[in-house]
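One structure is given below, encoded as structure tokens.
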Amino acid sequence: MTAPAKIASCVRHLREMVAIPSVNPMNRSDLPGDIVGEHNLAEYVAETLRSMGLDSSLIGRDGRTSVVAEAHAHAKAETVLIASHLDTVPVDGMEIPPFDPA
């Protein structure tokens, strides 16, 4: 894959992820249920990682889902851990559409 194609692929994935609501409820009960929790975004990330050849699985409960993935390398390779989060802040009062990647 050429460098421009890699960049285009990254941009496509980023746009798709931004469009998936993953709001951390922060102990609030007044948020719409269709935007709360990371489960849908976690499923997208796990499937994307699987398509790249990584073993991935989902852990968590009540919509608060995380992804665990592993890429197998030879025994002498160094171990690398990449940790991130999938949730976003609540979108109350935003002046732009929060899940529109445009």
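Numbers at a glance
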read-out: Scan of the stretch 43-102 for residues that are closer than 23 Å to K6 by Cα and acidic (D, E), ordered by number; value: E43, E47, D55, E70, D100
read-out: Residue count for the stretch 42-84, restricted to those that are outside any strand (DSSP E or B), free of Cβ contacts under 8 Å to residues at least 12 places away in the same chain and closer than 21 Å to P21 by Cβ; value: 2
read-out: Search result, residues across the stretch 3-34 that are part of a loop (DSSP other than H, G, I, E, B) and over 14 Å from the mean Cα position of the chain (by Cα); value: P25, M26, N27, R28, S29, D30, L31, P32, G33, D34
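Quick note: the coordinates plus some simple rules give every number you see, no bench work behind them. Bear in mind the structure is a predicted one, so any value in this text is a computation, not a measurement. Don't worry about glycine lacking a Cβ; one is built from the backbone with ideal geometry, like all the others, and counts go over all protein chains shown.
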